[in-house]
Amino acid sequence: MSDTLIELRNIGKRFGGVRALDGVSLAIRPGEIHCLAGENGSGKSTVIKVMSGIYTPEEGEILIDGRPVGRLDPIRAVQHGVQVIYQDFSLFGNLTVAENLALNTYVLEGRRRMDWRRARTMAVEVLARLGVDIDPDAEVGTLPTSGRQVVAIARAILAKARLIIMDEPTTALTRHEVDALFAIVRDLQAQGIAVLFVSHKMREMLEISERLTVFRNGRKVAEGPMSDFDEAAITHAMTGLSLTDDPYRPTLPPGPPLLEVRKLSVPGSVQDIDLSLRPGEIVGISGLIGSGRTELARALFGMEPAMTGTLRLEGREIHPRSVQEAIALGIAYVPEDRLTEGLFLPQSIERNLVVSILERLRRGPFLDTRAVREKTLGMFRDMQIAAPSPETAVGNLSGGNAQRVMLGRWLLTGARVLILNGPTVGVDVGSKATIHRIIRDLAQREGLGVLMISDDVPELVTNCNRIHVMHRGRFVADLDGSGMTEDRINDALKTLN
């Protein structure tokens, strides 16, 4: 019996004239927790699709249990025990947990009728095996992200998975939920199931993985036991650069706050929030999902008409009751889910950048195309957007470049207050460092006040002057100076679970 579960040898894959994989080799052992890292475009997704039979490589071979498998298609991959859990989980939100779990089994068995009792029994047994308490009769669409992820893992187990590939599994999870996921992963390992993590989050890689493989530009550039790596080594392998991120602690100019919030409340979500934001200051907000942090951001951006309390911008009392009013006042909001809430993916970079200032770019009944292009090219340069041209569709951009388009759009409005909800979610380490530098430069050079909402504790500690921890609609801890450490924030968050 081979000591490898699945092995790729010298895999090559092209798309047109682009070489996506160049002589890539990768081996995963039974019961191993292995991390696959790399920036967007490095070849990670292509490798996943080769391992799961979606893509057929032009070069190299695939071995399972030490034996070449020839052509691997998705059905054969599943039969060999390879299961992929993508970021959207590929679940049916309008079906129950039990129905989602039984569906694949029944399809493989060729059943045409649903055996409800058996489906529920299967669900109870597999969820108990994972040690989780989820109602089998609950609709999947009503579950939190962490719950849907558990259902996807349970479905893979029912399909007799031997290797579960998790694509960015912690992107939308709180630290508490990450801990729970890691407990499940270790339990899977104890059952002999291998797990391949695909992730950008280096600290989580170091915490959970036994081995690491790093891709860059379609090639494997590093591999070995996790004990051989630290954050700096992983960053260098992923980017070819040594990226350092010293804490942002500028001396702020004296004077009144840029934004002052007193007793802000939103029925059912936010209670009596006091907040101040000075020019050039980056203030962080951390908290568990459901703590009210997103509702606070939406209220400041005019999206919660039932909001009460007092807001002052540059000393003047304001009452933003709509997005249009907030934009006119100089407040901008970059939402966490840029794909569904922020960007028009089929449209060009140029159209996405100028969509919020179209009225300012009119010459009579027509758009001033020269002004549109000038604004676009200026922001293209300032945001360091890597794309062939402003005509490129935003849907073709990496996560980091798409996020820069979002930032650029709101900066074109002349915003004075910039609210960032998850500013680097789904962004690779190189783009993350670039986005942080851009945000800091805007705060210091332009005097913007930045409100940064994030689950990424190191991101907050590195970039913020002060941090508020939020729970059940209130600020429950305020940290600054020497007290603003990852341990202090994590300790505060743990007490809220």
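Of note:
- Any hit, the range 155-169, residues being more than 22 Å from residue 86 (Cβ to Cβ) and out of contact with any Ser or Thr (no Cβ under 9 Å at 6 or more places or on another chain): no
- Identification of helices (runs of 4 or more DSSP H) wholly contained in the range 1-112 with 2 or more residues that are at pLDDT 90 or above and charged (D, E, K, R) yields 44-51.
- The single condition among (1) buried (at least 18 other Cβ atoms within 10 Å of the Cβ); (2) under 20 Å from residue 38 (Cα atoms) that residue 372 does not satisfy is (2).
- Against the list (1) surrounded by fewer than 21 Cβ atoms within 10 Å (Cβ to Cβ); (2) aromatic (Phe, Trp, Tyr); (3) within 30 Å of residue 178 (Cβ to Cβ), the condition residue 333 fails is (1).
- The residues of the range 164-190 that are buried (at least 20 other Cβ atoms within 10 Å of the Cβ), at pLDDT below 90 and touching a strand residue (DSSP E or B) at 6+ places or on another chain (Cβ under 8 Å) amount to a single one, 169.
- So residue 270, is it more than 24 Å from residue 490 (Cα to Cα) and β-branched (Val, Ile, Thr): no
- Any pair with Cβ under 7 angstrom, 6 or more apart, that starts in the range 413-440 at a residue that is closer than 17 Å to residue 300 by Cα and ends at one that is outside any helix (DSSP H, G or I) and among the aromatic types (Phe, Trp, Tyr): 419/301; 419/333
- Restricting the first member to the range 58-76 and to residues that are closer than 19 Å to residue 14 by Cβ, and the second to residues that are exposed (fewer than 14 other Cβ atoms within 10 Å of the Cβ) and polar (S, T, N, Q), the beta-carbon pairs closer than 6 Å and six or more apart or on different chains are 60/10.
- Boolean, residue 302 is surrounded by fewer than 21 Cβ atoms within 10 Å (Cβ to Cβ) and either among the small types (Gly, Ala, Ser) or on the phi > 0 side of the Ramachandran plot (or both): no
- Members of the range 452-475 found to be part of a strand (DSSP E or B) and in contact with a helix residue (DSSP H, G or I) (Cβ under 7 Å, 6 or more places away or on another chain), listed by number: 452, 453, 467, 469, 470
- Count - residues of the range 222-243 that are assigned to a helix (DSSP H, G or I), of a type outside the set (A, V, I, L, M, F, W, C) and closer than 15 Å to residue 433 by Cα: 4
- The single residue among 296, 212, 252, 241 that is buried (at least 17 other Cβ atoms within 10 Å of the Cβ) and more than 19 Å from residue 35 (Cα to Cα) turns out to be 296.
- Just one of the listed residues (378, 364, 399) is over 16 Å from residue 347 (Cβ atoms) and within 26 Å of the chain's Cα centre (by Cα), and it is 399.
- Total residues in the range 71-93, condition in contact with a strand residue (DSSP E or B) (Cβ under 8 Å, 6 or more places away or on another chain) and not aliphatic (A, V, I, L, M): 6
- In the range 338-368, residue modelled with the highest pLDDT [restricted to those that are of a type in the set (Asp, Glu) and over 21 Å from residue 427 (Cβ atoms)]: 350
The values are calculated or read from the model by the stated rules, or taken from the named source; none is laboratory data. Note that the structure is predicted; figures quoted are calculated from it, not measured. For neighbour counting, all protein chains shown are included, and Cβ atoms are generated from backbone atoms with ideal geometry for every residue, glycine included.
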